[in-house]
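Taking it in order: structure first as structure tokens, then the write-up.
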Amino acid sequence: MGNLELIVEKHSERIHHGLEVLPNLRHGLPEGLGNKRWTAELILATYEMALTGDLPKNGLEYKTGNSGGGFDVLGWKNNGSAKVESDKIDLSIELNKRDDGKKITIPLPIYGGGMSFGSISLNFMLARARAAKRLNTFMSTGEGGYPDDIVPYRDHVITQVATGMFGVREETIQYAPIVEFKYAQGAKPGLGGHLLADKVTSEVAKMRESSMFTSLYSPFPFHSVYSVEDHKKHVDWIKTVNPRALVSVKVSTPTDVDMVAIGSYHAGANIIHIDGGYGGTGAAPEIAKKNIAMPVEYAIPKVHDYLMSEGVRDEIVLIASGGIRTADDIAKAIALGADGCVVATAEAIAVGCTHCGNCERGRGCQVGITTTDPELSRFIEPEWGETRIVNLFTAWSKRLRSILAGFGLENVRDLRGRRDLLVRYK
Amino acid sequence: MPSKYERFKIETKPAPHVYQIPNKFDVSARKVRLAAMLVHEAFEYKLNKEVVLSRPCIYGVFGGRFGGFKPLKHKCVGCMRCVQEYPHIMTVKHSDSYKRLGDSFWTPEAVFTILNEASTGKIPVKGMGYKGAFGGEGFDGIWTDMSEIVRPTRDGVYGREYISTSVDVGRKPTSVDFSKIDRASSTIEIPVPIIFDKLSAGNGDVRAAVGMAAEKLGTFYVSRERTPFDFGQESLIPIGNEEGIEDLVERPPAIVEYDAEKSDLFEKLASRLPSSIVIARLPLREDSGMIACKLAHEGVHGLHLYADYHGQDYSKEPQHISASLKEVHQQLVKGGLRDQVTLIASGGITLAEHVPKAIICGADLVGIDTTVLVALQAEFRGETRDRANCQLKPRKIDPEWGAQRLVNLFGVWHDQLIEILSAMGIRDVRRLRGDIGRSMMDAELRELSFKGIAWAT
Ligand code: SF4
Ligand code: SF4
């Protein structure tokens, strides 16, 4: 084995070992780890769940962060002991509630959000695709194209169509059970995407049909869409190329997010996916993440109530993302009115992300997540990553079941809109 | 021939810190354990030096002569990989000197943001989502709107279509007066909705830097005294008083401010300085709306409303400048007077995002104060709240360097303002003024969205 191999192996083993031992707190809670949204405890609890597939047993906080608002000031009504047996509880949701089109059910109210090839490593992308297959759910390509390596998982891969149209080809639309239009994203609401030149390696350039080491911009907005009618043309285009595909519309959370949702419904979308500003994985200006568009906690009830009042709530699926960190966040989002959630950051944490925010510096992520550096990318072996993501979602489903059991609900669908089960903390 | 069109752009260039800033992170290794680990790895990798000495840090913190025994702490970005790999050896935490930065209002994070903006001229960008508190009080409790589709064709700051950040200072006529149509406009256009407010602390170097920067940027700075420099004189907004009127008449400024409680000063300044824009300067209080209407009726050209340096107004029960500004703006609107006066707001406007938010609350433009001193590496020696006793002590600086830091700061704030306007689909910052409908308030949304959710007992 050459030195480079030995070095990669050494650090890979060390990192993996660290993820195993840090949650046991033998060395204390690392002081520099985490922040108000992803506290050190939440990060370590996620490592633990990704390792064991179970909820932490040593008292690590795994339900909420410390942001002082939103999900972090919501809790559950005291519900006493379990009223339904856990294994009788159904966590599945439908992703097509319209009369026409293919019926798709996922066994958990969760699927993986868009993270593009180029902004993340191929190994991490593969880990996500493999996990989606094992869990019988989905992950989204993001807008960076559709690498050949994920074609074997295509029944579990959502093709994203974004403004840059990178990697959008007839075959990638035909592969897809679900096609996701990204009108906007929470982390950069109303702003274009930007992949720094350093990350545009030969593979990335090939995938995006561009030149190597040249910055890539995806403009904002879709220059072909200025109305709901234009949007309908988009939906029709996809349905023509792939009549079996469900259409998801990913939008940010402006003041009129309810109008956007109803517009998407009328344009024929199966899923309206609202993405709040506090999440997101791609590098984005700090000013955008903190200040533009409302947090998803506030957008969910607004959209849910409006769709109800319009009498169409049961014909469209409402998916929430952008700041969903835990199983409790998912259950709270559903109680506020969503059908299910999309997560991405939690998957990154599962494979060792520390939420440090240095993704765009130098060689990219030091543990191989948001990087195209050939050496660093190898810290995430797809199989290892797959196991950790599957374990995390397995632990989450245990927590979801225990919440539902406490309220005597046999079906996660019955939790939707049950704000009466929540309490607020000051 | 009309001059060649040039898109407004602020030229930034690096102006590195001259005084050492604290390391954000404090990295340390337990030395005995580190030595033991090296011995262990030497055996494990059969003395293969390259492998044994390959380090967990990709930022070079252990790249010095003594490796982990003497880490190069200034290079640490807090990625935590060394802790992940060697949890029994490594400790990384926010350094004590970093945690001590600022005061009860200026957080260490905010101080670092300004220092970095002033030194690099680049927008702060990070990956993996937001890391701070949820909403909050004051400006933190306001989110700006975005538009999914209906908007000018733009790509953030790399845009193709022009977004104007210019604002007008001065009184606008409510109707066209044909007898005066050939006279020059009584308003002045400035390219960014930001001026430098009067500094309560500042040495000659700081004043020179501010004057130079204002001149370069085409904006203004408020000062009680004239600076002895050749540059920046055209950009000065003096604060006029009775005794100084003759001096001002000798060299009339484009804009002059006066303390509003000196009620007869407006008439005097306006009559002796007919070409100047005269702005009343007044503290924000519970009665500011009423006073603003009265002054607007009397004919002042603008109002400079200020809160304390922590953004709290001077009411008996102090409220945040965002709330008091809204009240003044709305009273002026109700009185049919809003378009006749320019509103300048200052006090607690310390970060880029505060500019569009203050404008949404009703200001035409803002004045910045303590931020200037922070950008110029002034030292925090206590609370900065009191305008008369600000504990930010300026250091000796090279005015040219200082001016570039301030130009960088304006450049970065301008770019961030463009981001906000662009997301909203607004092409002109003037259209943002008082447009509460394009904002979202934490307190209101919380009650609407969490309606019916019981309080925990
Ligand atoms: S650089 Fe930091 S925040 Fe980004 S993926 Fe890696 S660990 Fe996570
Ligand atoms: S925290 Fe990261 S940057 Fe800092 S010393 Fe450790 S490995 Fe290097």
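Some notes on this structure:
- Comparing the full protein assembly with the isolated chain (1.4 Å probe, heavy atoms, ligands and nucleic acids excluded), the residues of the stretch B:34-49 losing at least 50 square angstrom of accessible area are B:Tyr45.
- Residues with amide H under 5 Å from that of B:Tyr86, placed H, sequence gap 5 or more: none
- Taking all protein chains as shown and a probe of 1.4 angstrom, A:Lys63 keeps an accessible surface of around 70 Å².
- Per-residue ellipticity at 222 nm, computed for chain B from helices alone with -39500 (n - 2.57) per DSSP H run of at least four residues, works out to -9000 deg cm²/dmol.
- The charge dipole of chain B, taken about the Cα centre with unit charges on the Cβ atoms of Lys, Arg (+1) and Asp, Glu (-1), comes to about 2000 debye, rounded to the nearest 20.
- Note on the protein assembly as shown: with charges restricted to the Cβ of Lys and Arg (+1) and Asp and Glu (-1), its dipole about the Cα centre is near 1680 debye.
- Across the stretch A:86-424, the mean sequence separation of Cα contacts (distance under 8 Å, 6 or more residues apart), normalised by length, yields a relative contact order of 22 percent.
- Surface accessible to a 1.4 Å probe, per residue, for the residues of chain B, Å²: 44
- Probe 1.4 Å - accessible area at B:Phe105, Å² to nearest ten: 60
- Take the Cβ atoms of B:Glu447 and B:His17, set R0 to 41 Å, and the FRET efficiency comes out at 0.40.
- All other residues whose Cβ lies under 11 angstrom from that of A:Thr387 are scored, Lys and Arg at +1 and Asp and Glu at -1, for a net of 0.
- Among A:Pro295, A:Pro254, A:Pro30, residue whose mean-square fluctuation peaks in a GNM of chain A (springs only between Cα atoms under 10 Å): A:Pro30
- Pairwise burial A:B, computed as accessible area of each alone minus the pair, summed, 1.4 Å, Å²: 7700
- Residue order for B:Asp415, B:Asp264 - accessible surface, 1.4 angstrom probe, largest first: B:Asp264, B:Asp415
- Summing +1 for each Lys or Arg and -1 for each Asp or Glu among the other residues whose beta-carbon sits under 12 angstrom from that of B:Ala443 gives -4.
- Each residue, A:Ser309 and A:Val241, gets one label point 7 Å from its Cα in the Cβ direction; the gap between the two is 3.7 nm.
- Average accessible surface area per residue within chain A, 1.4 Å rolling probe, Å²: 33
- Alpha-carbon radius of gyration plus Dmax, which is the widest Cα pair, for the protein assembly as shown in Å: 28.7, 95
- Unit charges at the beta carbon, dipole of chain B: most positive-side option, B:Met80, B:Gln404, B:Gly434: B:Met80
- B:Val125 accessible area, 1.4 Å probe, all protein chains in place, Å² to nearest 10: 80
- Listing of the stretch A:264-286 residues, each with accessible area lower by at least 10 Å² in the full protein assembly than in the chain alone (probe 1.4 Å): A:Tyr278, A:Gly280, A:Thr281, A:Ala283, A:Ala284, A:Pro285, A:Glu286
- If R0 is taken as 60 Å, the Cβ-Cβ distance between A:Ser202 and B:Glu246 corresponds to a FRET efficiency of 0.25.
- A dipole drawn for the stretch B:25-96 from +1 and -1 charges on Cβ atoms has a positive end, and of B:Phe69, B:Asn48, B:Met37 the residue lying farthest that way is B:Phe69.
- Accessible surface, 1.4 Å probe, highest first, among residues B:Asp230, A:Asp420, B:Asp313: B:Asp230, A:Asp420, B:Asp313
- Of interest is the spacing of the C-alpha centroids, which for the stretch B:402-457 and the stretch A:291-322 amounts to 22 Å.
- FRET efficiency for the pair B:Arg7 and B:Ser263, taken as 1/(1 + (r/R0)^6) with r the Cβ-Cβ distance and R0 = 30 Å, rounds to 0.10.
- Environment charge at A:Ala82 (Cβ cut-off 15 Å; Lys +1, Arg +1, Asp -1, Glu -1): +3
- Over the stretch B:143-445, relative contact order from alpha-carbon pairs under 8 Å, at least 6 apart, %: 25
- Dividing the summed helix terms, -39500 (n - 2.57) for each DSSP H run of n ≥ 4, by the number of residues in chain A produces a 222 nm estimate of -10500 deg cm²/dmol to the nearest 500.
- Projecting label points 7 angstrom from Cα along Cα→Cβ for B:Ala323 and B:His297 puts them 2.7 nm apart.
- Only Lys, Arg (+1) and Asp, Glu (-1) charged, at Cβ; the stretch A:86-424 dipole about Cα centre in debye: 460
- Where chymotrypsin sites (Phe, Trp or Tyr not before Pro) fall in DSSP loop in the stretch A:382-426, at most 12 other Cβ within 10 Å: A:Tyr425
- Considering only A:Val200, A:Val151, A:Val247, the mean-square fluctuation computed in a Gaussian network model of chain A, springs between alpha carbons under 10 angstrom, is largest for A:Val151.
- Taking only protein heavy atoms and a 1.4 Å probe, the accessible area of chain B is 53% carbon and sulfur.
- Spin-label model, B:Arg224 to A:Ser215: label points 7 Å out along the Cα-to-beta-carbon direction sit 4.5 nm apart.
- C-alpha center-to-center spacing [the stretch A:215-248, the stretch B:64-78] in angstrom: 50
- Listed residue pairs exceeding 29 Å between alpha carbons, taken from B:Lys13/B:Lys396; A:Lys188/B:Lys9; B:Lys70/B:Lys122; A:Lys206/B:Lys49: B:Lys70/B:Lys122; A:Lys206/B:Lys49
- Across chain A, the longest piece that holds none of the GluC sites (Glu not before Pro) lying in DSSP loops with up to 15 other C-beta atoms within 10 Å covers A:86-208.
- Given charges at Cβ of Lys, Arg, Asp, Glu: the stretch A:86-424 dipole, positive-most of A:Thr105, A:Thr253, A:Cys356: A:Cys356
- Whole-number percent relative contact order across the stretch B:222-375, with pairs defined as alpha carbons under 8 Å at least 6 apart: 16
- Our estimate of slack between A:Arg134 and A:Gln174, defined as 0.36 nm per intervening residue step minus the Cα-Cα distance, is 12.2 nm.
The values are calculated or read from the model by the stated rules, or taken from the named source; none is laboratory data. Since the structure is predicted, the reported quantities are computational estimates derived from the model, not experimental observations. As a convention, Cβ positions derive from the backbone with ideal geometry for all residues, glycine included, and neighbour counts pool all protein chains shown. Surface accessibility is based on the protein's heavy atoms, side chains included, excluding ligands, DNA and RNA. Shrake-Rupley method; radii C 1.70, N 1.55, O 1.52, S 1.80 Å.
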